[in-house]
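Q: Below is a structure I'd like to ask you about.
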Amino acid sequence: MSHPNEEVVRTNSFFDALKAQHATVQHNNFDLHSALNAEKGAVVKANQTISNLQSDLETTQSNNSNLQSELRGLKREVADDKRTLSLGIADFKQWMRENSVKADKLISDPDPSVSSSDIHHVLAHNALVKVGLDKWSSAYEDAKK
């Protein structure tokens, strides 16, 4: 059997080793706790970033939807304007044809109540309007392409 002092020394050594191990575990526990808190902070920050990005995405999608709606409206307006202009051009060309026929009739069968200077004025006006209309019509057709 061992001597009681040896037993006390071994027990003290064992307790000292346990204390040292306990200190190491506490130190490691503190380090792990610190690392865990840092990770929690990083996760909170990442979640906030994700939340911000989701909010930005929703805003962008809403803006995109609004812009698409506005674009559809503008396309409808442009189509309506094109139809209106086409009808206006057709009406104006018809009016020009009718005026040309009237002017031709005034030349071929003069009306004594209309002076020749009035006839020349109407013919000159019709010619200028036709040249302007042809140029505008050509530019309009080019713009439609």
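Q: If I ask for residues that are within 27 Å of E141 (Cβ to Cβ) and either among the hydroxyl-bearing types (S, T, Y) or exposed (fewer than 10 other Cβ atoms within 10 Å of the Cβ) (or both), which ones from segment 48-84 would you list?
A: Matches in segment 48-84: T84 only.
Q: List, please: which pairs have Cβ atoms under 8 Å, are six or more places apart or on different chains, and start with a residue in segment 99-119 that is at pLDDT below 80 and end with one that is polar (S, T, N, Q) and assigned to a helix (DSSP H, G or I)?
A: Pairs that qualify, where the first residue is at pLDDT below 80 and the partner is polar (S, T, N, Q) and assigned to a helix (DSSP H, G or I), are N99/N126; S100/N126; A103/N126; P110/S116.
The values are calculated or read from the model by the stated rules, or taken from the named source; none is laboratory data. Predicted, not measured: the structure shown is a model, and the values here were computed from it. Please note: Cβ atoms are built from the backbone with ideal geometry, for glycine as well, and neighbour counts cover all protein chains shown.
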